[in-house]
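A.B. asks: Let me begin by handing over the structure; questions about it come next.
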Amino acid sequence: MLIFSDISSIKPHLNKLKKKGNIIGFVPTMGALHNGHLSLIKKSISENNFTVVSIFVNPTQFDNAKDLLTYPSNIKNDISLLKSISNKIVLFNPDSEEIYSDGIKSQQFNFNGLDEHMEGKYRQNHFQGVATIVSKLLSIVEPDNVYFGEKDFQQLRIIENLVFEKKINTKVVRCETLRDFDGLALSSRNSKLSFSSKKMATNLFKALNFAKEKFNSLDVVEIEKKVIEQMTAYSEIKLDYFIIADEEKLEPSILKNNLKYRAFIAGYISGVRLIDNIKLY
Ligand code: PAF
């Protein structure tokens, strides 16, 4: 597996591959790779000739300095995992100094309202930071296909919107959320949970399943009320939000129109912030 840490060496390598007619897939990550990432990477490997995986803990998407400092990182383990999967992977592990050569700050994007609720409301400037790094990485890698997980569904919609608005010549591929046997959505942050907190965290998935089960028989307001009651019964859970919103515009709705809806949940489990969502159709 080839590993690049600067733009001036990865670009000519990718250009050479593209000139030979190779199709390039791209999976951007912040490392601490788990099976969720690996499923995106394997999907990309099956659909492209080469897959670029980036590992870069992006400072501009953290609204909280402590969260950035304590974000899990294990580059040695990540490299051996990637090596064990395929020799068609190209790893890009750049430095902050090169990526943010003009200073560590976000560019400003208009997300057409997609950032108004949920993560956009609870994490100030988070999506400006995500869009900044993803557009920088896309302009370096220039992939045919880029892979994003549905666990971060709002992020996925924002990237789809960015690629559309900026007319970027890359297809965004949606990948289903991978879950543990007990339903907990795989996330790098799960490594910060104790055994009992992990068990407690499965209540987020249970709440989403409850919403899915009751979506056709109960009013949205009633579902939301019941989920909030269920969550506040656990002292270890501090709920940020539980919202039912349409997939396209991500507007919270108490009415059921002829749209595709998802239930979204976010909260702290013993101090670790987790998010999850489920489709209701
Ligand atoms: O989902 C993530 O891991 C990050 O937000 C991303 C897309 C790699 C950008 O830093």
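Every number in this text was worked out from the coordinates using simple rules, so none of it is lab data. Every value quoted in this text rests on a predicted model; they were computed, and no experiment measured them. Note that we place each Cβ from the backbone using ideal geometry, even for glycine, and neighbour counts take in every protein chain shown.
A.B. asks: Order the peptides 143-155, 92-104, 188-200 from the highest to the lowest mean number of other Cβ atoms within 10 Å of their residues. If you can, show how the numbers build up before the last one.
C.D. replies: On the way: 143-155: 21.8, 92-104: 13.6, 188-200: 15.5.
Highest-to-lowest ranking by the protection proxy: 143-155, 188-200, 92-104.
A.B. asks: While we're looking at this one, here's another question. In 5 Å bins starting at zero, report the fraction of Cα pairs in segment 18-149 per bin as a rounded %.
C.D. replies: Bin by bin from 0 Å, the calculated values are 2, 10, 18, 20, 20, 16, 9, 4, 1, 0.
A.B. asks: Let me ask something else about it. Of the cross-linked pairs Lys18/Lys151; Lys20/Lys136; Lys76/Lys238; Lys42/Lys279, which ones have a Cα-Cα span greater than 26 Å in the structure shown?
C.D. replies: Too far apart for the 26 Å limit: Lys18/Lys151; Lys76/Lys238.
A.B. asks: Based on the alpha-carbon set only, what is the convex hull volume of segment 101-172 divided per residue, in Å³?
C.D. replies: In segment 101-172, the Cα hull volume divided by residue count equals 88 Å³.
A.B. asks: To the nearest whole percent, what portion of all C-alpha pairs in segment 45-98 is separated by more than 16 angstrom?
C.D. replies: Percent of Cα pairs beyond 16 Å in segment 45-98: 54.
A.B. asks: Let me spell out the model: positive unit charges on the Cβ of Lys and Arg, negative unit charges on the Cβ of Asp and Glu, origin at the Cα centre of the chain. What dipole size does that give, in debye rounded to 20?
C.D. replies: With only Lys, Arg, Asp and Glu charged at Cβ, the dipole is about 740 debye.
A.B. asks: Helix 7-19: angle to the longest alpha-carbon principal axis of the chain, degrees 0 to 90, nearest 10?
C.D. replies: Between helix and principal axis, roughly 80 degrees.
A.B. asks: Continuing with this model, one more query. Placing +1 at every Lys and Arg Cβ and -1 at every Asp and Glu Cβ, with all other atoms neutral, what dipole size does segment 12-165 have around its Cα centre, in debye to the nearest 20? Numbers along the way, then the final one.
C.D. replies: On the way: 16 positive and 17 negative charges, 135 e Å.
It works out to roughly 640 debye.
A.B. asks: Taking all pairs of distinct Cα atoms, average 1/r, flip it, and tell me the Kirkwood hydrodynamic radius of the chain in Å to one decimal place.
C.D. replies: 19.8 Å
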